[in-house]
Structure formats: C-alpha cells, structure tokens
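The next block holds one structure in the form of structure tokens; read it before the comments.
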Amino acid sequence: SLLGIKPMLKATDQGTIELYGKCRGRRRSLEALAEQFAKTALRPALQIIGIAHADCVEDANFLANRLKELTAVKNVMIRQYDLCSGSHVGPGAIALFFAADKR
C-alpha cells in the first residue's frame with residue numbers, strides 16, 4: 001500500500017477471481033476499469049451497468065461518469081457492498097459488472 005499499487009481482478013469462466021493487472025494510484029485504477037469497459041463491453045447503451053463499492057461512493061460516481069464519457073452508457077446502478085460481501089473485499093473496494101465480448 002505504500003506505493004499505491006492497486007490490483008485489478010476479474011472473474012474467470014470457472015468462477016474464480018484472478019489478477020489480470022496492476023495500476024499505481026487510485027485514479028489510474030479507476031481509469032483502467034473504464035478503459036477496459038470501453039474496449040470490451042457489448043452494446044453498452046443497452047446494458048444496465050453495475051458498480052459496487054465498499055464505502056467509496058465518490059469513486060463509484062467518478063467511475064460511472066467516466067463510463068458515460070467514454071461510451072453510450074445510459075443505465076448505471078451504484079450500490080454499496082452488503083456487510084457480508086464487504087467484509088471479504090475491505091474498505092475502498094470497487095467492482096464493475098457488465099456483459100463483455102470476452103472475460
């Protein structure tokens with residue numbers, strides 16, 4: 001955490017979570033999520049995009065706005081992690097849910 005390295009995780013076809021990249025800095029990690037979305041989302045204007053956050057609503061709103069700036073996204077649903085899920089990811093976690101052409 002001293003260097004501000006943020007792991008980028010994704011779900012696999014087998015249902016496991018794996019590391020697919022790293023970013024340095026919070027803002028860069030949110031930008032990386034938005035760019036990955038812009039590259040891989042299937043018909044973003046027709047999807048309801050999900051963002052889950054663990055006590056970082058400002059970052060969730062920033063990400064939602066970036067998605068709308070980069071693509072034709074219309075519907076973004078932002079929710080806070082529930083206590084059970086949130087205890088596994090920890091404070092400051094943010095997740096982006098969408099349909100893509102590949103995992």
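Among the residues of the stretch 69-103, write down those that are part of a strand (DSSP E or B) and touching a Ser or Thr at 6+ places or on another chain (Cβ under 8 Å).
The answer is Ala100, and nothing else.
Taking the residues in the stretch 19-36 that are among the basic types (Lys, Arg) and within 13 Å of Arg66 (Cα to Cα) as candidates, determine which candidate is least open to solvent (accessible area, probe 1.4 Å).
Arg27
Based on what the data block shows, is Lys39 loosely packed, with under 13 Cβ neighbours inside 10 Å and either within 13 Å of the chain's Cα centre (by Cα) or outside any strand (DSSP E or B) (or both)?
Judged against the criteria, Lys39 is a match.
Which one is nearest to Phe97 (Cα to Cα), of the residues in the stretch 42-51 that are surrounded by fewer than 16 Cβ atoms within 10 Å (Cβ to Cβ) and touching a strand residue (DSSP E or B) at 6+ places or on another chain (Cβ under 8 Å)?
That would be Gly50.
Got a sec? Which of Gly90, Gly86 is more than 13 Å from the chain's Cα centre (by Cα), surrounded by 14 or more Cβ atoms within 10 Å (Cβ to Cβ) and not β-branched (Val, Ile, Thr)?
Gly86
Step by step: first the residues of the stretch 64-76, then only those that are surrounded by fewer than 16 Cβ atoms within 10 Å (Cβ to Cβ) and farther than 17 Å from Arg43 by Cβ, then the one that is nearest to the chain's Cα centre (by Cα). Which residue is that?
Result: Asn65.
Confirm whether Glu58 is farther than 17 Å from Val89 by Cα, among the acidic types (Asp, Glu) and under 11 Å from the mean Cα position of the chain (by Cα).
no
The values are calculated or read from the model by the stated rules, or taken from the named source; none is laboratory data. Fair warning: this is a prediction, and the values are worked out from it, not measured in the lab. When we count neighbours, we look across all protein chains shown, and the Cβ atoms used for this are built from the backbone with ideal geometry, even at glycine. What goes into the accessible areas is simple: the full protein's heavy atoms, side chains included, and nothing from ligands, DNA or RNA. Shrake-Rupley method; radii C 1.70, N 1.55, O 1.52, S 1.80 Å.
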